[in-house]
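Enquirer: Sharing a structure here in structure tokens format.
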Amino acid sequence: MPDRGGGPTGPRIRVGRPSRRVRTLLMTLGVLAVLAMAFVMFAGFWTDWLWYRSVKYSSVFTTTLWTKIGLFFVFGLLMATAVGVNVWLAHRLRPPLSAMSMEQQSLDRYRMGVAPYKKWILLGITALVGLIAGASAAGQWRTWLMWVNGVPFNEKDPQFHLDVSFYAFDLPWYRFLLGFGFAAAILSLIAAALTHYLYGGLRITSPGARATAAATGHLSVLLGLFVALKAVAYWLDRYGLAVKSSDFKATGNWTGLRYVDANAYLPAKTILFIIAIICALLFFATLWRRTWQLPVIGFGLMVLSAILIGGLYPAIVQKFQVQPNEQAKEAPYVDKNLKATREAYGIDGTQVSDYAGTSNTDDKTKLREDANATASIRLMDPNVVSPTFQQLQQVRNYYGFPTNLDVDRYSKNGKDQDTVIGLRELNLDGIPKNNWINDHFRYTHGYGAVTAEGTSADNEGRPVFTEYDLPSKGDLGKYQQRVYYGEKTTQYSIVGGPQKEIDYSDDSGEKTTSYKGNSGVNLSNPVNRAAYAVAFNEPQMLYSGAIGEGSRILYNRTPKERVEAVAPWLTIDGDAYPAVVNNKIQWIVDAYTTTNGYPYASRTTLGDTTADSLTAANNQRAVVAQQNQVNYIRNSVKATVDAYTGKVTLYEWDTKDPVLKTWKKAFPGTVKPKADIPKTLMDHLRYPQDLFKVQRELLTRYHVQDATTFLSGSEVWQVPDDPTNKSGDAVPPYYLSMKMPGEQAQAFSLTTTLTPNGRDNLSAFMSVNAEAGTPGYGKIRILKLPTGRTIDGPKRVQSQFNSEPSIAESIKLLSGGDSQVEYGNLMTVPLDGGLLYVEPVYVKGGGLRYPLLRKVLVTYGGNTAFEDTLGQALDKVFGTEGTTPEPPDEDTPKPPPATGNATVQEALDDAQKAYSQGQEALKKGDWEAYGRAQKDLEDALQRAEDAQSQADNTGGESGGNGDNNSEESGGSG
């Protein structure tokens, strides 16, 4: 060993291999690192398996997993084998060593360099391409399952007379196989060419032949395979024309064959298929004739033919045959597109009828009474009154309501009535102190439902609550009120262990509980704890004393997340809604089956079509993630998620849908039959909003069934912008109990208006019977307004409201000071040949932080009213008194805002008193008294807020003053 420094007697440093101890340490660290990486990968797999097993859908996990694994290994091995065999064959066909040219001498050092490692290099290359190909194939698990389980549609396309299932299930899989074949041929060709070049089979600069006979034959076969695959592609392209998207000025996004496709592209594809077959045979013939002359000529002919026959000829046909007489040429194909699109989107049964748009009676008394009988006008806008629910029924800061509430039907005194409903969900942003224990162990769930009549308000403009307080009480009876799964519940919670959970509070203080449900994954097992600690990046799970015997972790807690996870083949509606069913809170989720392979049906993008003014403000309610285009959709599944146990149940809804039947074959036992839907649940099912929005967008063009009218574009409609705000986004559809013309009774319906393209007058009114379980469910009706007379649409009606001098002055007074006017949903109701518009007006401010109903705008037949109540407004519009019930008097018992704190209640009483005094002063025009009342109101609300905050902080820090473990009572409700 060399000496470093010092003299003969100086220190000597030995440089050499590490000692055995160091080597052992390094090897140990390496092994531990590999084990750690392996455990991280295992943790993700293991936690997924545990979750699926906990929700009783382990078959979905195993079917998906084994399908992905099978595709990965099969196609990975196929790709690796194809590349590896061709590299091996090229090496085996290498020429014998001879006097080498300068080019070969320069390559000699590369051959010598790779020679000792050629086996490992071959294995590495084949393994890499195999991994990439396998991963790509694994992503096609849906395509494989649909192909292998495909169910016939029993409908044939009009061009090739093949069942629709060929385009929906078979063609996508064939296209994947074709793409895989192209990739294998190209990679094999590149790998073989490089190998031949490295070993002298191909020469670039050397004199003499550029390729050996063996290399020529080998590469020619690979080129022949590539051209043969191109021939298959030309043949499949013929069928692809039936589902091809293109721009067509008459319709925009067009799907299917047009005149030029059927008369130019289709024969061109057939001719190119034949030419490609001949060209492939010429390449294969080089095995006997070692020359490139004929294959190159054939390939050149194919390229030239593709340009002339596949490109130039169709352009000539379009220019000189179609354009001079486009309507006549395209009409037969438009008829096919009209029929297919209407069938694919379920709008083929739409009933379109003419509607006068003006009243057909002068009997004011009849009109006034019909206004009561035709519709239950909903004054509580679920998209406006959430802050009111929040202020009056939040009770604690760690509860919250969704931004948009929901509309449902509940029976009272034997009659169904529209009801606004929201759940008091957990809001972690409002807890006194955020830390790991509070966020995940103590504050774990919301509590109770809050409902209000949809058609009325009290004299102060507040909702008339029918389920209120904490624990909730009212019309819903006794039910499990704890909400462990909800739209706002996005964090995991660990329940059921040593740490008690905060349940709810009443006059005696905080109550605690411990989760008794069977949901979630057990953390008593140390392996499970370690896996979740890694998966959630939360090391405290390993050693926290708050986790013990019986501890369970709850996650994937929003209804949409849970349904998407157990049924990854479904598209989920953007709005899950709660209902109290069989003494339980159930989230109801609508789910769709879709495909983009329905021949001739025009495509649409769900994310764009379902967007409106509400989704712009609250993206969680839109199907914004669904940006893929589809041209077939069915509401095939109704799903429920239990708010306490998290149990997910999928019910078959569309019993005829072949796409659902296909997925049921792929995942047997996951979807229950429609007959299993209980009557109590059926009463709360409704027609989904997102499907309705897709259908209304299509019906703006596809309401006509005549090709000539469709091509002229004279009957194109549009969804109007929301007139109640300046967002410029589409008006959302509204749920409303109403009676369409010719019907005998009101039905829970989903309604919208349509206007001419680029104009603000009204073209049509559209509704669908949304009342599940009734014979008329899903029936779409369009009332078409006359085109020869201008009938005001929503935007014009709103402009008239705003421009009416008396109304404008009243709005100005209501919005004085720091007050703000908010417009509710502008509802349109067909009434005796005319159109009744009703819009609630709310006021927020003046010391109040939530909107209250102050006025109601009504217009009919050119008469407009702006009154305190709906009844007064209708009386003024029709000039006669009706029997519309007025809001309850101040002396009428009504549920007070729940507080659980005497100081808060006293302050709210003072606020109500000051508010009433302010309203009296406003009516008398006494602005000085009004100003004093507003100051008193603001002071009282501030005292209430301070007292509530102090109570929340005290309650949150105490950890509870009692212990209530009753899981069945769910409160006094």
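Enquirer: With respect to Ala907, is the statement that it is modelled with pLDDT under 90 and not acidic (Asp, Glu) true?
Expert: So Ala907 fits the description; yes.
Enquirer: Only residues that are surrounded by fewer than 23 Cβ atoms within 10 Å (Cβ to Cβ), touching a helix residue (DSSP H, G or I) at 6+ places or on another chain (Cβ under 8 Å), among the charged types (D, E, K, R) and under 26 Å from Pro578 (Cα atoms): list them for segment 415-440, please.
Expert: Asp439
Enquirer: Considering Ala643, Ala707, Ala639, which residue is closer than 27 Å to Asn596 by Cβ and in contact with a Phe, Trp or Tyr (Cβ under 8 Å, 6 or more places away or on another chain)?
Expert: Ala639 is the lone residue from the list that is closer than 27 Å to Asn596 by Cβ and in contact with a Phe, Trp or Tyr (Cβ under 8 Å, 6 or more places away or on another chain).
Enquirer: Since Gly778 meets every condition but one in (1) within 23 Å of the chain's Cα centre (by Cα); (2) not in a loop (DSSP other than H, G, I, E, B), which condition does it not meet?
Expert: So the condition that Gly778 fails would be (2).
Enquirer: Given the options Asp439, Asp506, Asp429, Asp418, name the one that is out of contact with any Leu (no Cβ under 9 Å at 6 or more places or on another chain), not assigned by TED's automatic domain parsing to the domain that holds Pro840 and not aromatic (Phe, Trp, Tyr).
Expert: The conditions single out Asp429.
Enquirer: From (1) hydroxyl-bearing (Ser, Thr, Tyr); (2) under 30 Å from Arg482 (Cα atoms); (3) modelled with pLDDT under 95, pick out the condition that doesn't hold for Ser602.
Expert: Among (1) hydroxyl-bearing (Ser, Thr, Tyr); (2) under 30 Å from Arg482 (Cα atoms); (3) modelled with pLDDT under 95, the lone unmet condition for Ser602 is (2).
Enquirer: Any idea which of Val563, Val580, Val589 is within 30 Å of Trp144 (Cα to Cα) and in a strand (DSSP E or B)?
Expert: That would be Val589, the only listed residue that is within 30 Å of Trp144 (Cα to Cα) and in a strand (DSSP E or B).
Enquirer: Is there any pair with a first residue in segment 707-730 that is at positive phi and a second that is at pLDDT below 85 whose Cβ atoms are under 8 Å apart and which are 6 or more apart or on different chains, and what are they?
Expert: The qualifying pairs are Gly713/Ala250.
Enquirer: May I ask you to say which residue of Leu241, Leu272 is aliphatic (A, V, I, L, M), modelled with pLDDT of 85 or more, under 36 Å from the mean Cα position of the chain (by Cα) and part of a helix (DSSP H, G or I)?
Expert: Checking each option against the conditions leaves just Leu241.
Enquirer: Next up: Would you confirm, using the coordinates I've provided, whether Asp875 is more than 19 Å from Gln798 (Cβ to Cβ), of a type in the set (D, E, K, R) and modelled with pLDDT under 85?
Expert: no
Enquirer: Which is assigned to a strand (DSSP E or B) and either in contact with a Lys or Arg (Cβ under 7 Å, 6 or more places away or on another chain) or among the aromatic types (Phe, Trp, Tyr) (or both), of Tyr644, Tyr600, Tyr651?
Expert: Tyr651
Enquirer: State yes or no: is Lys739 over 30 Å from the mean Cα position of the chain (by Cα) and not hydroxyl-bearing (Ser, Thr, Tyr)?
Expert: Taking the combined requirement at face value, the residue satisfies it.
Enquirer: Which residues, counting only those in segment 479-518, are within 27 Å of the chain's Cα centre (by Cα) and of a type in the set (A, V, I, L, M)?
Expert: Result: Val483, single match.
Enquirer: Shifting gears a bit: What's the number of the only condition in (1) among the charged types (D, E, K, R); (2) part of a loop (DSSP other than H, G, I, E, B); (3) at pLDDT 95 or above that Glu538 fails to meet?
Expert: (3)
Enquirer: Which is farther than 20 Å from Glu501 by Cα and in contact with a Leu (Cβ under 6 Å, 6 or more places away or on another chain), of Gly454, Gly461?
Expert: Just one listed residue meets the conditions, Gly461.
Enquirer: When you go through Trp141, Trp147, Trp173 one by one, which is the residue that is in contact with a Lys or Arg (Cβ under 8 Å, 6 or more places away or on another chain) and of a type in the set (A, V, I, L, M, F, W, C)?
Expert: Sole residue among the options that is in contact with a Lys or Arg (Cβ under 8 Å, 6 or more places away or on another chain) and of a type in the set (A, V, I, L, M, F, W, C): Trp141.
Condition check ((1) part of a strand (DSSP E or B); (2) modelled with pLDDT of 95 or more; (3) over 24 Å from Thr640 (Cβ atoms)) across all residues:
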{"position": "Glu697", "(1), (2), (3)": "no, no, yes"}
{"position": "Ser714", "(1), (2), (3)": "no, no, yes"}
{"position": "Ser737", "(1), (2), (3)": "yes, no, no"}
{"position": "Gln744", "(1), (2), (3)": "no, no, yes"}
{"position": "Thr774", "(1), (2), (3)": "no, no, no"}
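Enquirer: Go through segment 394-405 and count every residue that is in contact with a Ser or Thr (Cβ under 9 Å, 6 or more places away or on another chain), in contact (Cβ under 8 Å) with a residue 60 or more places away in the chain and surrounded by 21 or more Cβ atoms within 10 Å (Cβ to Cβ).
Expert: Result for segment 394-405: 4.
Enquirer: Can you confirm whether Lys244 is touching a helix residue (DSSP H, G or I) at 6+ places or on another chain (Cβ under 8 Å) and under 30 Å from Phe72 (Cβ atoms)?
Expert: Against the criterion (touching a helix residue (DSSP H, G or I) at 6+ places or on another chain (Cβ under 8 Å) and under 30 Å from Phe72 (Cβ atoms)), Lys244 does not qualify.
Enquirer: Here's a follow-up. Kindly indicate whether any position in segment 835-843 is more than 22 Å from Ser806 (Cβ to Cβ), touching a strand residue (DSSP E or B) at 6+ places or on another chain (Cβ under 8 Å) and not aliphatic (A, V, I, L, M).
Expert: Checking segment 835-843: not a single residue is more than 22 Å from Ser806 (Cβ to Cβ), touching a strand residue (DSSP E or B) at 6+ places or on another chain (Cβ under 8 Å) and not aliphatic (A, V, I, L, M).
Enquirer: For the list (1) more than 19 Å from Asp458 (Cβ to Cβ); (2) modelled with pLDDT of 90 or more; (3) not acidic (Asp, Glu), I need the number of the one condition that Val395 fails.
Expert: Of the numbered conditions (1) more than 19 Å from Asp458 (Cβ to Cβ); (2) modelled with pLDDT of 90 or more; (3) not acidic (Asp, Glu), the odd one out for Val395 is (2).
Enquirer: Scan segment 516-543 and report the pairs whose first residue is without any contact (Cβ under 8 Å) to a residue 60 or more places away in the chain and whose second residue is among the basic types (Lys, Arg) and outside any helix (DSSP H, G or I), with Cβ atoms within less than 7 Å and a gap of 6+ or a chain change.
Expert: So the pair list comes out as Asn522/Arg552; Leu523/Arg552.
Enquirer: Of the conditions (1) surrounded by fewer than 16 Cβ atoms within 10 Å (Cβ to Cβ); (2) touching a residue at least 60 places away in the same chain (Cβ under 8 Å), Lys672 fails just one. Which one is it?
Expert: With respect to (1) surrounded by fewer than 16 Cβ atoms within 10 Å (Cβ to Cβ); (2) touching a residue at least 60 places away in the same chain (Cβ under 8 Å), Lys672 is out only on (2).
The values are calculated or read from the model by the stated rules, or taken from the named source; none is laboratory data. For clarity, every value in this text was computed on a predicted model and none was experimentally measured. Virtual Cβ from ideal backbone geometry, glycine too; neighbours counted across all protein chains shown.
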